[in-house]
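Notes follow once the structure below has been shown.
The values are calculated or read from the model by the stated rules, or taken from the named source; none is laboratory data. Please read these numbers as outputs of a predicted model, since none were measured by experiment. With ideal geometry, Cβ positions are generated from the backbone for all residues, glycine too; neighbour counts draw on all protein chains shown.
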Amino acid sequence: MGEAGSAPTRLWGGRFESGPAEALARLSVSVQFDWRLAPYDLLASRAHTRALYGAGLLTEAERDAMLGALNDLDRACRDGTFRPTAADEDVHTALERGLLERLGTLGGKLRAGRSRNDQVATDLRLYLRDHVRMIVSRLAELETALLGQAERHADVAAPGMTHLQHAQPVLFAHQLLAHVHAFARDADRLRDWDKRAAISPLGAGALAGSSLPFDPRELATQLGFTAAAANSMDAVSDRDFAAEFCFAAALIGVHLSRLGEEIVLWSSQEFGWIEIDDAYATGSSIMPQKKNPDVAELARGKAGRLIGGLTGLLTTLKGLPLTYNRDLQEDKEPVFDAADTLLLVLPAMAGLIATFRLHTERISASASVGFTLATDLAEYLVQRGVPFREAHEIVGHLVVWCQVHDVDLHEVSDADLERISPSLTPDVRQVLTVEGALAARKEQGGTAPQRVAEQLTALRALADQHAAWATS
Ligand code: ARG
């Protein structure tokens, strides 16, 4: 921020006798957070300049001078030689000051036919469409990292869990791919969001459209939007794109938190499934032996602020009358914070995932621990005509017997099996292997190696599509 006390460049002073009270000015100012919209505001200003020329409101020389000054201002903003001052109310005010400094009175022509109301809604859409592409890029990298681990460990079995209790064996890759599906839906959701966000509010002016003869559709095309808003009142009031983005971001946060929680568990002494690479772990200031999963914990923790941002924004929007109300200035911080947060967390999680080492022996050894083959046994009995209710009972007894005798299912002798139930003939052994249990789950969506390999191929293609969309 530049000098306090520079001459104010208010955009609305005409009818006021006194200047604003200090308390009002301090409450009203948004330039400290909306300054990041400057490049987008300047893009829109260049499009607006061409529209004014097209409408005969600027001569060719004026248009060229205006575009030259806007380009110069853009460069000055980027290299930091032009900065907002404490007297600039918002990004629009600061940039008009920059334009007036360069062009004198000609700079004052740019404001014709537009208002900060359609400008700010346009800027935020442009900002988000840009940042959503960056987020989708980072999502694609995370998808790719998970896919890489799944591919490297394609045949490693793990105990699949419900209620965090060993349930049935799965391929560890199957579990990793479950996370990929969630992030792939997130990327698809943002691509879909983009279709609805690609509507230009420019031309709506303050709320009713402009009496000046320029075509909002022309402005929309210049800025890469697919259409101009069909209703000027909706154009300046609508923040659905911001709320929807915050929702998509919050859900990504929730997905990251669930993956983060699993990483915390997997890297614990108790699980011992993975070792986090040193580059993505932290130490303790007192306990020299510690290696902590802070990336995963921060990923888990950041979900809170993303959900909070969404909740705050929806609460701001609730009950607002049409059209623009100053409450809407509160739309920006949650949106910016959500984008910043994801752009911080996603690369860290992608790095952590890409580099963890899997203790393959330990994880596969635990795949059958906790009688995870019990369902297979019951289903085997079902295939031999035993009603499932009875099969469930028989296997339940067998499990208790095993617990009492401290053995695993496959360690029970033929004679003991038969004593527990005459249906448990020696050929039950064929289903008492993890490999058998995995291979048997071969229907669509199951954890059989072939199904998992197909999923992997399909998800790779999808992740590549996400990466390609993000840079298109
Ligand atoms: N800084 C304002 C915002 O972010 C810009 C729009 C101001 N419009 C107005 N009518 N006061 O919402």
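Yes or no: the stretch 318-337 includes at least one residue that is among the hydroxyl-bearing types (Ser, Thr, Tyr), in a loop (DSSP other than H, G, I, E, B), within 16 Å of the ligand (Cβ to nearest atom) and surrounded by 18 or more Cβ atoms within 10 Å (Cβ to Cβ). Scanning the stretch 318-337, I find at least one residue that is among the hydroxyl-bearing types (Ser, Thr, Tyr), in a loop (DSSP other than H, G, I, E, B), within 16 Å of the ligand (Cβ to nearest atom) and surrounded by 18 or more Cβ atoms within 10 Å (Cβ to Cβ), so the answer is yes.
Within the stretch 166-206, the residues that satisfy the criterion of being on the phi < 0 side of the Ramachandran plot and part of a loop (DSSP other than H, G, I, E, B) are 198, 201, 202, 204, 206. Scanning the stretch 75-89 for residues that are closer than 16 Å to residue 100 by Cβ and either touching a helix residue (DSSP H, G or I) at 6+ places or on another chain (Cβ under 7 Å) or more than 16 Å from the ligand (Cβ to nearest atom) (or both) returns 76, 77, 82, 83, 84, 88, 89.
If you filter the stretch 32-58 down to residues that are among the aliphatic types (A, V, I, L, M) and touching a helix residue (DSSP H, G or I) at 6+ places or on another chain (Cβ under 6 Å), you find that the one that is farthest from residue 92 (Cα to Cα) is 58.
The set of residues in the stretch 309-339 being within 30 Å of residue 263 (Cα to Cα) and free of Cβ contacts under 8 Å to residues at least 12 places away in the same chain consists of 311 alone. Looking only at the stretch 90-109, residues that are more than 16 Å from the ligand (Cβ to nearest atom) and crowded, with 20+ Cβ neighbours inside 10 Å come to 4 in all. The sole residue among 367, 378 that is away from the ligand (no atom under 16 Å from the Cβ) and in a loop (DSSP other than H, G, I, E, B) is 367.
All conditions but one from (1) among the aliphatic types (A, V, I, L, M); (2) surrounded by fewer than 23 Cβ atoms within 10 Å (Cβ to Cβ); (3) within 16 Å of the ligand (Cβ to nearest atom) apply to residue 120; the one that does not is (2). Condition check for residue 48 on (1) at pLDDT 95 or above; (2) within 16 Å of the ligand (Cβ to nearest atom); (3) surrounded by fewer than 20 Cβ atoms within 10 Å (Cβ to Cβ): one failure, at (3).
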